[in-house]
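Below: one structure, written as structure tokens.
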Amino acid sequence: MKLLYLASLRESLGRATEEVAPPGSVNNVGALVDWLRSRGEPWSVELAAARRWRVAVNHEIAEPATVVKPGDEIAFFPPVTGG
Amino acid sequence: MQQDDFDLGAEVARLRADNPRIGAIASFVGLVRDLNDGSAVSGLTLEHYPGMTEKALAGIVAEAEARWQVLGCTVVHRVGALQPLDQIVLVIVASGHRGDAFAACEFIMDYLKTRAPFWKKEATSTGERWVEARESDDAAASRWSSQKPGKQPV
């Protein structure tokens, strides 16, 4: 699956995108975030539960229970500030 | 989404052309200010999430169309580098009567500010900073959810 990091998260994580292949048990957003945090810093810090960030799966706003699978585009970003 | 500026008059003319059922048009234009949170702002950069932005805006407009009589709608949001005085965002709603036009226009802006994937980075005298989301914007968007959808009589 393809991960995208946008705006301030791109800067704090030091990358805009990465391709990951987590174990098959990682089948929803919550499990994916846990798996990313388990890799240590900077994910464990930047994606900590206390931080305000959002996830979209294939361009739709997602929740922890949202299903993820190989081939999905999963974006992490801060609360939006347009307009 | 576009980097170029827009012309309110030209966009209104395009939206209302050849539609004699339109009796009211409400518009909103958002501008870059030179002050935010007490700091002088010399410019800002607008980032968005290509692919999701279009989908999010289309969803917001569709929700407005389900709640009010919308005979036409234009949403333009600029991205890239902008300066104070520049126009950032344009929303135009055409309807039969003013009530629906005003309400739908405000609704679209409130939802755009909390649901469309845009981010502002400001340049100030002390360096660049990402603009923080405001709770007042969340409150403005959430007040619509307590109102029942449904079109008013034309």
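Taken together, the values in this text are just the output of simple stated rules run on the coordinates, not laboratory data. Keep in mind that what you see is a predicted model, and the values were worked out from it rather than measured. Quick reminder, even Gly has a Cβ in these numbers, built from the backbone with ideal geometry, and neighbours come from all protein chains shown.
Membrane-span-like helices in chain B (whole DSSP H runs, Cα extent of at least 18 Å along the helix axis, mean Kyte-Doolittle hydropathy of at least -0.5): B:52-67, B:98-115. Divided by 2.2 N^0.38 Å, where N counts the residues, the Cα radius of gyration of the protein assembly as shown comes to 1.12. For the options B:106, B:54, B:122, a Gaussian network treatment of chain B with springs between C-alpha atoms closer than 10 Å singles out B:54 as fluctuating the most. Based on the reciprocal of the average 1/r between different C-alpha atoms, the Kirkwood radius for chain B equals 16.5 Å. Using the Cβ-Cβ distance between residue B:55 and residue B:35 with R0 = 25 Å, the FRET efficiency computed as 1/(1 + (r/R0)^6) comes to roughly 0.15.
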